[in-house]
Structure formats: C-alpha cells, structure tokens
Amino acid sequence: MIVTPNHSAYNILKDYEWNYAHVPSSKPHISKPAVEISGEWTYAGLPVRSPLAVAAGPLLNSEWIKFYAERSFDILTYKTVRRCSRVSYGLPNLVPIEAMRVQRPGASVRGIRQMTGSWAVSFGMPSREPKIWRDDLVTARQSLGAGQILSVSVVATPEEGDDLKTIGEDYASCARWAFESGADVVELNFSCPNVKTPDGMLYTQPTASRDVLYRVRDLVGDKPLLVKLGFVGEDALARNWVELSGGLVQGLVMTNCIGAKVQSPDGKDFFSGESRGIAGAAISEAVRKQVSTFQSLIHEHRSKVKTIAVGGVTEATDVSDYLKLGVEGVQTATAAMLNPSWAVSVKSELQKADGAQSV
Ligand SMILES: Cc1cc2nc3c(=O)[nH]c(=O)nc-3n(C[C@H](O)[C@H](O)[C@H](O)COP(=O)(O)O)c2cc1C
C-alpha cells in the first residue's frame, strides 16, 4: 500500500475522478494576508503579483484553482484539457519513489510506500469534454483576485494518420476556446511522458512544432502563449527551440516530468513495465541544468523569449536561484501538492531574505 503524504490536499490513494469531486474546502490558515515579494513581475508578458505558479496537474477544476488562489499562488495553471473527453488511467496514479537523482530519461527507479519528495506520475492527461471545461474556466477566472493569472494547459488528441495540419488545428481550437472562456495565458503542452501515445513528444521535433505554433498563432492572434517542453538532452535541440520560439511565443516552460521505469521493492514492474514521468526533487538537478542552458542561449541569440522553471522546485532558495538566473516564473506541482500553503511560506522567506540584504 502507498501512504498518503501528510498535509497533502490531493489524496493519492484515491483516483482522479474522486479527487476531481473532492476538493479540500478548508479556509486558508493565514491570520493576515501573505507578505508579497517586492519587485515587479510578469508572466507571459502580463503583470502579475508574484512569479509563483502552480504547474499543470494539481488543479483539476475551478474549485481546485480557487483553493490554491486563496493560498497565495498567483499563477494558477488549469490541468491539461483536450478537444474531447478522455478518461484517466487507473490507480496507482502517483507512486512515491526512493530518493535519487534522475538526470535523463530511461532510468530505473524504485517505488516505495512513503513519499520522500519524488514520485512517478501516471494519469494519461484525462480531460472533460470541452463544454464542461469551458464553462468551468469561466468560474475559475471569476475566483481569482487582482494580480492573479489563469493559465490553461492544452494538448492535441491526434488519431492514427493525422497530419500536422490537423494536429495544429486541434491545438489551435483548444487554445481559442480557453481564451474565449477567460484564460489569460495558454500553455501548449508539447511534452508529456505520462502517456503511452505520441502526443507526448512533439517538442522533440522542432520543425513540426513550429508548424503547429504558426497554426495556433493564426487563430489566437497576439494572445500570450507558452510552450511546455520536456527533457532536452542535446544543445542542438535547445538551440532550435530558442531560434524558433522568438516572436512566436512568450515563454518556454521546462521541464515536464522525466520518464523512467518503476519497480516495486520486490522487483515487480509498476505500469506493466512502461515508463512514466518522474516529478519532484529527483529531477531538480536536470531541470536546473536545462534552464541554465536555455538562459545562456537566449542571451547569446538576444531572443525575447522567457523561460519558466518547473521540476523539483521545493525550497524558497530554489525560487530565488531561478529568479537570479533570469526566469520569468517558477512553477511547482509536487511541492504545492504536499504543502498547499507553500507559496505563503516562500513569499515570507523571500521577503525576509530581501529585508536582510537591504539592512
Ligand atoms: C499529479 C500531477 C499531474 C500532472 N499533470 C500534468 C498535466 O496534465 N499536464 C502537464 O503538462 N504536466 C503535468 N504534470 C507535470 C507537472 O506540470 C510538472 O512538469 C512536473 O510535475 C515537475 O514539477 P514538480 O517537480 O514540481 O512536480 C503533472 C504532475 C503531477 C505531479
């Protein structure tokens, strides 16, 4: 049996449908409003109260968005939606793994009972049908306060034999629907190692990715767009992305989970031996290296595109290190799930550190 992490709002013993319907309803344990991080912040070019974001994943619907918005996260990403409904994979959806570093796809990791900071993620990007998520986005937007941003993650649902034009139109329609329903920003998910189908790997094909981005731009005009990338092992691919993204999108979000095979302590395979994405502390080093490479290339190319860091962000110092590196925003999925009040603590720690420096 897998043990639920303490304080987690999301119950990992229950499936996606259960969690969709059971949003924690407690009021935040904050006696006074959270301190804010000094500075002026933007996200995908829009002004925002802080650079702290919940990544695509933990926020399954508008009630989850409201719950985290009340806990001082200022950028709320609605979990990836599609042009059609798609059911989630069954349990387990989240398998805690032994503490280790996952530096690139293809590793083998050991599943354990107790969460120590990293887990394998297996949902398959479920989605409600568009009528439901579009109506729900209107509610989600209304629940946000001044200086908060609703970002919506979208993905295409290709069928056997679909060409790039069709895939591009799929992304474009989802993006347009999201904007029409109140999204401030759309995050195009070009990477997801948690699915068995090819919709998870578009980012590894830069030319195809560019064609898709042109289609989306054609349909949504100059609205703020981000692209979510996965693990980029080669500098050539990173260079391609920096060259193609400038002028087409506002930012690159990196990285998604890193794929690995998961075994139980007695040597049995989880997920029938298929790979699933690893999230949390295990991937922090690989992500930091990737963000750093992109920041250098962006500087070298004098590109206007921004980076948004995600993957293994746990401590306030992770956030400040990324901000020093020049990222526009910092997302977290795992840390936000384990501690829904994470943004309140991080803001307070960053503000203290800032105060100490200016003394
Ligand atoms: C429960 C869960 C669900 C996720 N679902 C999605 C998703 O629907 N779309 C997506 O782009 N990424 C998804 N992710 C990946 C996260 O957005 C993020 O890239 C990854 O978890 C690494 O960040 P972390 O180390 O802070 O968890 C999910 C992650 C988790 C933990």
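Every number here is computed from the coordinates shown, using simple stated rules; none is lab data. Everything quoted here is computed from the prediction, not taken from an experiment. Note: ideal-geometry Cβ built from the backbone for every residue, glycine included; neighbour counts use all protein chains shown.
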* Structure fact -> A student asked for the Cα radius of gyration and Dmax of the stretch 45-130 in angstrom ought to give 15.7, 42
* To do: Take the alpha-carbon positions of the stretch 45-358, form their convex hull, and give its projected area averaged over all directions (one quarter of the hull surface) in nm².
  => 15.5 nm²
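Which length gain, in nm to one decimal place, applies between residue 146 and residue 36 when the Cα-Cα distance is subtracted from 0.36 nm times their residue separation? Write down the numbers at each step before the final one.
Values: separation 110, 0.36 × 110 = 39.60 nm, distance 1.32 nm.
Full extension of this stretch gives 38.3 nm more.
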* **Vicinal HN-Hα couplings computed from phi for the stretch 120-136 (Karplus, 6.51 cos²θ - 1.76 cosθ + 1.60; Hz; Gly/Pro x)** => 8, 10, 8, 10, x, 6, x, 8, 6, 5, x, 4, 6, 6, 5, 4, 5
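Just in the stretch 210-246: which chymotrypsin sites (Phe, Trp or Tyr not before Pro) are loop by DSSP and have at most 16 other Cβ atoms within 10 Å?
Working: sites: 214, 231, 241; in loops: 231.
Passing sites in the stretch 210-246 do not exist.
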* **Spin-label model distance (nm) - residue 46 vs residue 219, 7 Å beyond Cα toward Cβ** => 1.9 nm
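Quickly estimate the mean residue ellipticity at 222 nm for the chain, helices only: each DSSP H run with n ≥ 4 gives -39500 (n - 2.57), and the total goes over all residues, rounded to 500.
Numbers: 10 runs with 120 residues, N = 359.
Rounded to the nearest 500, the figure is -10500 deg cm²/dmol.
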* Using Cα centres only, tell me the gap between the stretch 111-172 and the stretch 270-304 in whole Å. => 20 Å
* Interchain or long-range residues, amide H under 5 Å from residue 107's placed H -> 261
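If you stretched the chain out fully between residue 234 and residue 289, how much longer would it get, using 0.36 nm times the residue separation minus the C-alpha to C-alpha distance?
Details: separation 55, 0.36 × 55 = 19.80 nm, distance 1.16 nm.
That pair, residue 234 and residue 289, stretches by 18.6 nm at full extension.
In whole percent, what relative contact order does the chain give with Cα contacts below 8 Å and a gap of six or more residues?
Working: 808 pairs, mean separation 73.6, N = 359.
Across the chain, relative contact order equals 20 percent.
Go through 79/261; 79/306; 165/228; 165/289; 131/324; 131/304 and tell me which ones have a Cα-Cα distance over 30 Å in this structure. It would help to have the intermediate numbers written out before the result.
Numbers: 79/261 24 Å; 79/306 21 Å; 165/228 20 Å; 165/289 34 Å; 131/324 41 Å; 131/304 35 Å.
In this structure, 165/289; 131/324; 131/304 lie more than 30 Å apart at Cα.
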* To do: Note down the nm distance, to one decimal, between modelled labels 7 Å out along Cα→Cβ at residue 132 and at residue 18.
  => 1.8 nm
* Amide H to amide H, which residues 5 or more places from residue 307 or on other chains are under 5 Å from it, using H placed in the peptide plane? -> 252, 328
* For the peptides 37-45, 275-283, 156-164, what is the packing order when you average, over each peptide's residues, the other Cβ atoms within 10 Å and list the highest mean first? -> 275-283, 37-45, 156-164
* **Estimated distance in nm for a label pair at residue 300 and residue 210, the labels positioned 7 Å out from Cα along Cα-to-Cβ** => 1.8 nm
